[in-house]
Protein chains: 2
Amino acid sequence: MVQSKTELFDKELAEKAMLFKALAHPARLRILQFLAETRSCMTGDICEVLPLSRTTVNQHLKELKEPGLIKGEIDGVKTNYCLNSEKINNLKDMLGGFLSEIDCCSDNNC
Amino acid sequence: MVQSKTELFDKELAEKAMLFKALAHPARLRILQFLAETRSCMTGDICEVLPLSRTTVNQHLKELKEPGLIKGEIDGVKTNYCLNSEKINNLKDMLGGFLSEIDCCSDNNC
DNA sequence: ATTTTGTGACGTATATTTGCGTCATAGAAT
DNA sequence: ATTCTATGACGCAAATATACGTCACAAAAT
């Protein structure tokens, strides 16, 4: 692509797409699940659950942190990660809204 | 990446990630919106709504067709696209399920 | 003081996505 | 028969994502 055209779209749509993108990899979904299961959430612990190197896991964590879905708190040497419930709830509303907007009437057949 | 490790994850998670990926671009979200608004849904019509070339739009359509979110019916020269309500509803359930699984208790703070 | 442990930052290689132009095809209109 | 319209298939270039190794750093343990 000569240029990324993402900014030519509606701002809200772009934002929603960004959130979907954050969820578009099984590793990131697994991380969210894991963080929901256990609140003790060191980076190292997360790595042990995933079939990926620490480096890669770290990168996925960054991608979840960027849209604010998770938070990272430095605790001495360690960093504790956890879900950002507020954002997750926003996400839930947003996605639900979009999907019901899309499929208001279920007779959308050709 | 030396290798795509997507297949090392839970099959269900991978499937969910695939669906999220299909929704991870504003153009594709816009297409879904547009198809919900109007059922007359020729490729050409869709192109006029998007700031992208017909070639690119076609590709996005393909990406929506693959997971079955939309259907394409050949009508003479034209192809009519429309939402696949059944799949959209599946999607809605799946996402809702995942999100409530993630955020069962809203006291997930560090 | 040195080692260990847990991290993040940086660079690199490969894979995939995005965007587009061009071509071929098939039906409709002239 | 030729032109026009609508479409899909193919291939290319640039941008991003994915995965990893290596390095540096800071606190804790030895």
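Placing a pseudo-label 7 Å from each Cα along the Cα-to-Cβ vector at B:Glu7 and B:Glu66 gives an inter-label distance of 1.6 nm. Surface burial for A against B, with a 1.4 Å probe and both sides summed, reaches about 4400 Å² of accessible area. Taking every protein chain into account, the 1.4 Å probe leaves A:Lys62 with about 130 Å² of accessible area, to the nearest ten.
Heavy atoms of the protein chains alone define the surface here; on that basis the protein assembly as shown has 54 Å² accessible area per residue at 1.4 Å probe size. Under 5 Å from the amide H of B:Cys41 lie the amide H atoms of B:Tyr81, each residue being 5 or more positions distant or on a separate chain, with H modelled from the backbone and absent for Pro and chain starts.
Of the accessible area of the protein assembly as shown, with the probe set at 1.4 angstrom, what percent is carbon plus sulfur?
Here carbon and sulfur together make up 49 percent of the probe-accessible area.
Projected over every direction and averaged, the convex hull enclosing the alpha-carbon atoms of chain A yields 10.2 nm². With bins 5 Å wide beginning at 0, the percent of Cα pairs of the protein assembly as shown falling in each bin runs 1, 6, 14, 18, 17, 15, 12, 8, 5, 3, 1, 0, 0, 0. For the stretch A:34-62, heavy-atom accessible area (probe 1.4 Å) falls by no less than 20 Å² from the chain alone to the full protein assembly at A:Ala36, A:Arg39, A:Pro51, A:Leu52.
Rolled with a 1.4 Å probe across the full set of protein chains, the surface gives A:Leu64 an accessible area near 0 Å².
Look at the stretch B:88-100: the mean tally of other chain Cβ atoms within 10 Å of its residues' Cβ atoms is 4. Rounded to the nearest 20, the size of the Cβ-charge dipole of the stretch B:11-93 about its Cα centre is 160 debye, with Lys and Arg at +1 and Asp and Glu at -1.
The values are calculated or read from the model by the stated rules, or taken from the named source; none is laboratory data. Owing to the predicted nature of the structure, the values given are computational and were not obtained by experimental measurement. Glycine also receives a Cβ, built like all others from the backbone with ideal geometry; neighbour counts cover every protein chain displayed. The accessibility values were calculated without ligands, DNA or RNA, using every heavy atom of the protein model including side chains. Shrake-Rupley method; radii C 1.70, N 1.55, O 1.52, S 1.80 Å.
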